[in-house]
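A short write-up of the structure that comes next.
The values are calculated or read from the model by the stated rules, or taken from the named source; none is laboratory data. Remember, predicted model here, so these are calculated numbers, not experimental data. No Cβ is skipped: glycine too gets one built from the backbone with ideal geometry, and neighbour counts run over all protein chains shown. These accessible areas exclude ligands, DNA and RNA; they are computed on the full protein's heavy atoms, side chains included. Shrake-Rupley method; radii C 1.70, N 1.55, O 1.52, S 1.80 Å.
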Amino acid sequence: MLLGVIADDFTGATDIAGMLAQSGMRVTIRTDLRHPPTADSDAVVIALKSRTNPPQQAVRDSLAALEWLQDHGALRYYFKYCSTFDSSPRGNIGPVAEALLQALDADFAIACPALPDNGRTVYQGHLFVGTELLSDSGMRDHPLTPMRDANLVRVLQAQSHGKVGLLSRATVSQGAAAIRAECVRLRDGQYRFAIADALDNADLFALAEACAEHPLLTGGSGLALGLPAAYAARRWFQPAVAAGPWPPADGAAAVLAGSCSQATQRQVRHWIAADRPAWRLDPLRLAAGQTGAGEALDWAAAQRQPVLIYASAPPEDVAAAQLALGPERAGQLVEACLADIARGLAAAGVRRLVVAGGETSGAVVQALGAETLRVGLAICPGVPWTQAEGRPLWLALKSGNFGADDFFSTALGGSY
Ligand code: ADP
């Protein structure tokens, strides 16, 4: 194993795994650390569900993942978080990145969330989602990690003990040598992190080439695009022919959506507008015991085509549920119910499952007990099909804000 990746949620894990696979790395995703990795992986991505945990627990889980990767021979490490820098004021990006640096006996890392292919760019340390500042985008209403400051130097500084600086576009656009020199200057100036500006994939490739030898990289999946080429140039690995797009298995399919992100809300509306079967979960009714997984499963069993079961709701409904139940309980009720439904669907023979939402995907994959996921090519940027190793079960784990309006039916290949 060359590269060990620690991802703070499950959709982030499949996102970066897909990026690496696309450039010829053989990648597997692990969702638990009980067994050694399969022998034929250039990169192993550990999928954690640590983004919204208390910082101490996120640090503990991330250090355990690092130790496992070190024990199995990884040479370089990558801490993967969301391209919208999803975090709370307390963390967990800063605390986890600092703990990883310390454990690796390193003193500096770049922080590069940019993913231009999905409209996430960073300029002067400010994150844009399409044409909007992060703080004006739908991320300001995220149920668990609302992002109300687009200045990432300030956001990361608030979560970190060490100093946070900026690796500006003026430097990045000059290429790898200039980036290397600036990293040395920042490190000598006692900076622990630098937010890396990046406006396009050329910036990401330059950053990957300049920083490929850093013990720890931190970022979204975009920075990983250029890593296989940087590693191949150093003869650290031999790119394999990328596997073809994974033909989804025949058989029953379903979509589970626990994301309230705008893209997922549009995808849910698109599905319903096309008159496809859809079942809505309401956290207030779940809390009152008025409905549950059993009812949704009975309904799904009566359908003769792929179903959508969703809790996705607009900000005013989310706010009402959170006011009544608290954000954590509202989220957990939905996650637990969708996890039960996933188990029931798999038991009933569903073979292809599209899941929308990072936390949601974590809950679902853990409930399904899928320990190792094999990674295919992308359905859209950032979302590959994966297969639960040794099982006839295909999973597409979609980060809430990814994908076009027709993503759900595209993922299922219109095969119904
Ligand atoms: P994303 O990828 O968009 O961030 P996540 O699954 O990570 O999506 O997070 C969405 C969170 O919102 C989950 O914890 C989910 O259970 C919760 N949630 C979903 N629907 C509702 C709702 N109607 N009210 C309150 N919380 C909800």
Exercise. Between residues in the stretch 320-339 that are free of Cβ contacts under 8 Å to residues at least 60 places away in the same chain and residues that are within 7 Å of the ligand (Cβ to nearest atom) and among the hydrophobic types (A, V, I, L, M, F, W, C), which pairs lie under 7 Å by C-beta distance while being six or more apart or on different chains?
Worked result: Ala321/Ala330
Exercise. Got a number for residues in the stretch 33-70 being surrounded by fewer than 19 Cβ atoms within 10 Å (Cβ to Cβ), at pLDDT 90 or above and among the acidic types (Asp, Glu)?
Worked result: 1
For this session: Determine which single condition Ala411 fails, assuming it passes every other condition in (1) in contact with a helix residue (DSSP H, G or I) (Cβ under 9 Å, 6 or more places away or on another chain); (2) open to solvent by less than 20 Å² (accessible area, probe 1.4 Å).
Result: (1)
Problem set entry | Residue within the stretch 101-109 that is over 18 Å from the mean Cα position of the chain (by Cα), closer than 21 Å to Ala206 by Cα and open to solvent by less than 10 Å² (accessible area, probe 1.4 Å) present | yes
Seminar exercise, completed: Among the residues of the stretch 139-166, the number that are out of contact with any Asp or Glu (no Cβ under 6 Å at 6 or more places or on another chain), of a type in the set (A, V, I, L, M, F, W, C) and not in a loop (DSSP other than H, G, I, E, B) is 7
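Of all residues in the stretch 10-32, which are among the polar types (S, T, N, Q) and open to solvent by 10 Å² or more (accessible area, probe 1.4 Å)?
Matches in the stretch 10-32: Gln22, Ser23, Thr31.
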Exercise. Where residues in the stretch 386-399 are part of a strand (DSSP E or B) and either under 18 Å from Gly220 (Cβ atoms) or more than 18 Å from the chain's Cα centre (by Cα) (or both), which of them is nearest to the ligand (Cβ to nearest atom)?
Worked result: Lys398
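Residues checked against (1) part of a helix (DSSP H, G or I); (2) closer than 22 Å to Val334 by Cβ:
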position	(1), (2)
Val364	yes, yes
Leu373	no, no
Ala378	no, no
Pro384	no, no
Asn401	no, yes
Exercise. What number of residues in the stretch 357-384 are open to solvent by 10 Å² or more (accessible area, probe 1.4 Å) and more than 14 Å from the ligand (Cβ to nearest atom)?
Worked result: 11
Exercise. Of all the residues that make up the stretch 271-307, how many are loosely packed, with under 13 Cβ neighbours inside 10 Å and over 18 Å from Arg343 (Cα atoms)?
Worked result: 8
For this session: Report the residue count in the stretch 167-185 for those that are farther than 17 Å from Ala111 by Cβ and either assigned to a loop (DSSP other than H, G, I, E, B) or not assigned by TED's automatic domain parsing to the domain that holds Ala210 (or both).
Result: 3
For this session: Can you work out which of the residues in the stretch 102-157 that are more than 16 Å from the ligand (Cβ to nearest atom) and among the acidic types (Asp, Glu) is nearest to Gly358 (Cα to Cα)?
Result: Asp117
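Consider Gln265 carefully, then state whether it is in the same structural domain as Gly358 (by TED's automatic domain parsing), in a helix (DSSP H, G or I) and in contact (Cβ under 8 Å) with a residue 24 or more places away in the chain.
Values: in the same structural domain as Gly358 (by TED's automatic domain parsing): yes; in a helix (DSSP H, G or I): yes; in contact (Cβ under 8 Å) with a residue 24 or more places away in the chain: yes.
Judged against the criteria, Gln265 is a match.
With respect to Arg276, is the statement that it is assigned to a loop (DSSP other than H, G, I, E, B), more than 13 Å from the ligand (Cβ to nearest atom), modelled with pLDDT under 95 and on the phi < 0 side of the Ramachandran plot true? If you could, list the steps in order and put the result at the bottom.
On the way: assigned to a loop (DSSP other than H, G, I, E, B): yes; more than 13 Å from the ligand (Cβ to nearest atom): yes; modelled with pLDDT under 95: no; on the phi < 0 side of the Ramachandran plot: yes.
Against the criterion (assigned to a loop (DSSP other than H, G, I, E, B), more than 13 Å from the ligand (Cβ to nearest atom), modelled with pLDDT under 95 and on the phi < 0 side of the Ramachandran plot), Arg276 does not qualify.
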For this session: Tell me, yes or no, whether the stretch 328-340 has at least one residue that is open to solvent by 20 Å² or more (accessible area, probe 1.4 Å), assigned by TED's automatic domain parsing to the domain that holds Gly289 and touching a Phe, Trp or Tyr at 6+ places or on another chain (Cβ under 9 Å).
Result: no
Seminar exercise, completed: Scanning the stretch 334-374 for residues that are at pLDDT 95 or above and among the acidic types (Asp, Glu), the one nearest to Gly403 (Cα to Cα) turns out to be Glu335
For this session: Give the number of residues within the stretch 248-270 that are under 19 Å from Ile341 (Cβ atoms) and within 16 Å of the ligand (Cβ to nearest atom).
Result: 9
For this session: Working only within the stretch 4-44, note down all residues that are in contact with a helix residue (DSSP H, G or I) (Cβ under 8 Å, 6 or more places away or on another chain) and among the aliphatic types (A, V, I, L, M).
Result: Val5, Ile6, Ala7, Ile16, Met19, Leu20, Met25, Val27, Ile29, Leu33, Ala43, Val44
Exercise. If we scan the stretch 342-356, do we find a residue that is open to solvent by 20 Å² or more (accessible area, probe 1.4 Å) and near the ligand (Cβ under 8 Å from one of its atoms)?
Worked result: no
Exercise. Quick one: which of Leu333, Leu286, Leu308 is closer than 17 Å to Thr360 by Cα and either more than 15 Å from the ligand (Cβ to nearest atom) or in a strand (DSSP E or B) (or both)?
Worked result: Leu308
